[in-house]
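Engineer: Handing you this structure, nothing more for now.
Laboratory data are not the source of any read-out in this text; all were calculated from the coordinates shown. Here the structure is a predicted model, which is why all the values come from computation and not from measurement. Please note: Cβ atoms are built from the backbone with ideal geometry, for glycine as well, and neighbour counts cover all protein chains shown.
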Amino acid sequence: MEGKIKASELPPHPRLLLNRKGIEELKARIERYEWAKAEWERIRRNADRLLAEVVELPPRGGNWWHWYACPKHGAALHTGRKIGEWRWQHICPVDGEVFLGDPDHPDRDYDGCVISGIHHRYSRAVRDLGVAYQITGDERYARKAREILLAYADRYLNYPLHTIRGESKIGGGRVGPQTLDESTWLIPICQGMDLIWEKLSEDDRREIAQKLLLPAAKEVILPHKIGVHNIQCWKNSAVGSVGFLLGDEELIEEAIYNPDRGYWRQMRDGVLPDGVWWEGAWGYHFYTLSALWSLAEAARNCGIDLHCDQLKNMFDAPLRFAMPNLHLPAFNDSSEVDLRGHASIYELAFARYHDPLYVKLIRSSDRRNDFALWFGVGELPGGEEIKWRSINYPRSGYCILARGSGDGATWLCLKYGPHGGGHGHPDKLNFVLYAKGEIIAPDPGTSRYGVPIRSGWYRTTIAHNTLTVDERSQRPAEGRCIIFGTDGEVDYVVAEAGEIYEGVRFIRTAVLIGDNTLLFIDQVRCDGERTLDLAYHNRGSWIRPAAGKAWTLPDKPGYRYLRSAIIANGDEGIELRISTGEGRKIGITLMGGERTDVITATGVG
């Protein structure tokens with residue numbers, strides 16, 4: 001950890017997104033590489049459009065993104081035609097139903113969700129205009145960015161403080177409904193202002209600082225204290241950006257060195273030893289990385305090195321945990337993550353760490369993105385192939401069993417580790433299976449947080465490939481690996497679920513035999529008679545479901561979302577057949593022993 005910095009020691013502007021040396025390197029990229037030139041042309045076209053636009057800020061702050069979903073289907077709404085001042089139609093993509101916003105009820109304030117996007121568009125515009133000014137020297141871009149900044153300075157304190165439920169209290173924002181939204185909006189504002197700093201008068205700087213930046217950092221963001229969390233990482237980067245921009249030592253100190261919430265606390269306690277962000281959701285892993293880099297770069301430009309081993313491990317971990325198709329499982333509150341969709345941020349990772357592990361992923365993109373323009377290394381060296389192998393990660397609580405090579409390898413990840421805090425799911429000893437180029441047994445992932453199906457299905461145990469007892473979801477727990485190993489063509493793991501239910505012990509053994517056969521042995525011991533549901537979810541459609549009779553589903557969370565349930569006796573074992581989405585046939589043999597029912601159904605998705 002480097003020593004603390006004094007405001008008098010800060011270098012000249014620009015010093016957040018890029019310093020003067022970085023600007024010159026950026027210009028050289030545009031001259032030498034087509035991918036950089038193409039990205040610059042995109043930014044310039046956008047900046048030119050902005051020059052022709054009238055700056056018209058929304059009359060109010062925005063609403064929570066997660067409310068922007070159909071209350072019936074949970075699908076993200078589409079914005080339709082404008083029907084009034086700051087009002088639009090909002091259309092369900094499933095059945096075409098049109099919804100109108102109601103600003104008096106946050107869960108139906110769909111117009112507010114669109115307004116949130118407009119605020120963020122203006123924020124990114126300030127940054128893009130700043131980049132355009134630095135590249136061209138054309139003062140029109142700086143003047144337009146100044147116009148937006150002064151418009152927000154004039155308006156910001158008149159936006160009411162509000163939360164996702166419309167409450168005026170700490171945790172809410174003015175531009176957005178959370179300190180999170182305020183932070184994600186504020187960072188590009190600061191980066192853009194830094195890039196046009198020389199074109200702002202002292203009066204401009206004072207007005208923007210006193211009426212916008214400092215109130216946002218000190219009055220909205222700082223009073224909301226979270227601890228180790230992805231949101232706190234965004235808050236740190238926003239507060240630090242204001243600090244480095246204005247030379248405010250107190251804000252820099254808070255962002256980096258606060259012992260309860262600062263950057264170093266996040267690195268020490270938020271990043272597990274194998275590089276996984278502690279919340280256990282790959283979407284939030286990258287969301288946290290997206291928060292961290294801006295503070296790390298601003299600090300680097302100001303003489304503080306935040307590019308530590310933990311940050312590098314966060315870049316490394318997704319490559320170690322990825323499936324052979326370069327996707328990451330939808331564990332906890334995350335959808336499935338395609339690593340190629342995050343190739344851009346590895347431009348920065350390679351520029352700072354020079355690890356050839358990142359090269360193949362970078363080359364999977366066309367490099368026409370912001371990160372490549374800002375930080376990209378022009379001539380990439382030879383990259384390392386990602387090797388899939390069986391490995392256990394006891395600190396994050398994942399065990400991977402893998403056989404084969406390339407996209408057609410067989411890969412299983414068993415999840416037994418920490419719960420993951422507020423973004424964890426009740427799914428101890430759940431697994432995801434990938435084989436022959438596709439995900440066979442998925443994790444359900446998540447939906448937008450503002451719709452009933454999130455708690456009704458996605459956050460229930462029965463939606464996962466694991467044990468449910470007495471038709472109730474597991475309680476938060478941390479399991480452990482009992483044994484892991486390889487013997488010839490066999491890879492295996494034995495893991496225990498931990499205290500998922502009172503009086504229940506659950507041990508699961510998973511054995512991968514070659515690359516075509518997977519064996520599970522589930523052992524459950526209870527302190528009395530219980531109903532045990534061992535759920536398995538396979539993508540595709542039934543070829544041979546259970547040969548039995550219709551079964552009435554329990555009207556309970558998770559179960560009520562299943563359809564076409566059939567029940568059959570499984571005391572003597574049973575064989576089922578499924579056709580996957582790619583047309584492959586999957587055979588499932590179940591041996592439950594006496595008093596076993598086999599229930600087949602169709603789930604969500």
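Engineer: On a 0 to 90° scale, report how tilted helix 179-195 is relative to the longest principal axis of the chain, with both axes built from alpha carbons and the result rounded to the nearest 10.
Structural biologist: Between the helix axis and the principal axis of the chain, the angle is about 40 degrees.
Engineer: Any chance you could check the Cα centroid distance between region 427-447 and region 47-118 for me, in angstrom?
Structural biologist: Using only Cα atoms, the two centres lie 33 Å from each other.
Engineer: Rounded, prolate or oblate: which fits region 227-383, taking a ≥ b ≥ c as square roots of the Cα gyration tensor eigenvalues, rounded meaning a/c under 1.5, else prolate when a/b beats b/c?
Structural biologist: Since a/c reaches 1.5 but b/c is at least a/b, the shape of region 227-383 is classed as oblate.
Engineer: Right, next: Working from the pairwise distances between different alpha carbons, so that the mean of 1/r is found and then inverted, what is region 358-463's Kirkwood radius in Å?
Structural biologist: Evaluated on region 358-463, it is 16.9 Å.
Engineer: Just how large is the dipole of region 33-224 about the Cα centre, in debye to the nearest 20, putting +1 at every Lys and Arg Cβ and -1 at every Asp and Glu Cβ?
Structural biologist: 100
Engineer: Please flag any cysteine in the chain that has no other cysteine's Cβ under 4.7 angstrom from its own Cβ.
Structural biologist: 113, 190, 233, 302, 308, 399, 413, 481, 526
Engineer: If a/c stays under 1.5 just call it rounded; otherwise compare a/b with b/c (prolate if a/b is bigger, oblate if not). Do that for region 507-605, with a ≥ b ≥ c from the square roots of the Cα gyration tensor eigenvalues.
Structural biologist: Judged from the Cα gyration tensor, region 507-605 comes out oblate (a/c at least 1.5, b/c at or above a/b).
Engineer: Now for a separate question. Length gain on complete extension for the stretch residue 268 to residue 478, per 0.36 nm per residue less the alpha carbon to alpha carbon distance?
Structural biologist: Contour length minus Cα-Cα distance gives 73.6 nm.
Engineer: Now, a different point. Cα gyration tensor of region 391-602, axes a ≥ b ≥ c as square roots of the eigenvalues: rounded (a/c below 1.5), prolate (a/b > b/c) or oblate?
Structural biologist: Cα axes put region 391-602 in the rounded bin.
Engineer: Can you tell me the convex hull volume per residue for region 119-277, based on C-alpha atoms, in Å³ to the nearest whole number?
Structural biologist: Roughly 112 Å³ of hull volume per residue.
Engineer: Using a basic spin-label model with each label point 7 Å from the Cα along Cα→Cβ, how many nm lie between residue 547 and residue 97?
Structural biologist: 4.1
Engineer: On to the next question. Identify the trypsin sites (Lys or Arg not before Pro) of region 122-165 meeting these criteria: DSSP loop state and at most 16 other C-beta atoms within 10 Å of the C-beta.
Structural biologist: 165
Engineer: Something else: Assuming 0.890 mPa s and 25 °C, estimate D for the chain with Stokes-Einstein, Rh taken as the Kirkwood radius over Cα pairs, in µm²/s.
Structural biologist: 94
Engineer: Arrange 471, 582 by Cβ neighbour counts within 10 Å, fewest through most, would you?
Structural biologist: Placing the least packed residue first, the sequence is 582, 471.
Engineer: Follow-up question, since we're still on this one. Which trypsin sites (Lys or Arg not before Pro) from region 1-105 combine a DSSP loop assignment with at most 15 other Cβ atoms within 10 Å?
Structural biologist: Answer in residue order: 4, 6, 72.
Engineer: What is the angle, in °, between the Cα long axis of helix 230-246 and the longest principal axis of the Cα atoms in the chain? Nearest 10 is fine, range 0 to 90.
Structural biologist: The answer is roughly 10 degrees.
Engineer: How would you order 349-355, 381-387, 539-545, 593-599 from highest to lowest mean count of nearby Cβ atoms within 10 Å?
Structural biologist: 349-355, 539-545, 593-599, 381-387
Engineer: If you don't mind, another one. What's the center-to-center distance, using Cα atoms, between region 263-313 and region 587-605 in Å?
Structural biologist: Value for the Cα centre distance between the two parts: 43 Å.
Engineer: If you restrict to DSSP beta bridges whose two residues both lie in the chain, what percentage is antiparallel, to the nearest 5?
Structural biologist: Of the beta bridges lying entirely in the chain, close to 100 percent run antiparallel.
Engineer: I've got another one for you. In the neighborhood of residue 29, defined by Cβ-to-Cβ distances under 15 Å, what is the net charge if each Lys or Arg adds +1 and each Asp or Glu adds -1?
Structural biologist: Residues near residue 29 contribute -2 overall.
Engineer: Based on the inverse mean of 1/r over its pairs of different Cα atoms, what is the Kirkwood hydrodynamic radius of region 16-64, in Å?
Structural biologist: Hydrodynamic radius (Kirkwood, Cα pairs) of region 16-64 is 13.5 Å.
Engineer: P(r) for region 33-224, please, calculated from all Cα pair distances in 10 Å bins and given in %.
Structural biologist: Computed distribution, short to long bins: 9, 33, 31, 21, 5, 0.
Engineer: Still on this model: For region 349-405, list log₁₀ I(q)/I(0) at each q in 0.31 Å⁻¹, using the Debye formula over Cα point scatterers of equal strength and ignoring solvent, two decimals each.
Structural biologist: Normalising to I(0) and taking log10 leaves -1.26.
Engineer: Give me 580, 410 sorted ascending by neighbouring Cβ count inside 10 Å, so fewest comes first.
Structural biologist: Ascending Cβ contact count within 10 Å gives the list 580, 410.
Engineer: With 10 angstrom as the radius, rank 201, 579, 396, 116 by how many other C-beta atoms surround their C-beta, starting from the fewest.
Structural biologist: By the 10 Å Cβ count, ascending, the order reads 201, 579, 396, 116.
Engineer: Convert each backbone phi in region 32-46 into a coupling constant with the Karplus relation 6.51 cos²θ - 1.76 cosθ + 1.60 (shift: θ = phi - 60°), then list the ³J(HN,Hα) values in order as whole Hz, x for Gly and Pro.
Structural biologist: Running phi through 6.51 cos²θ - 1.76 cosθ + 1.60 with θ = phi - 60° gives 9, 10, 4, 5, 5, 4, 5, 5, 4, 4, 5, 5, 5, 4, 5 Hz.
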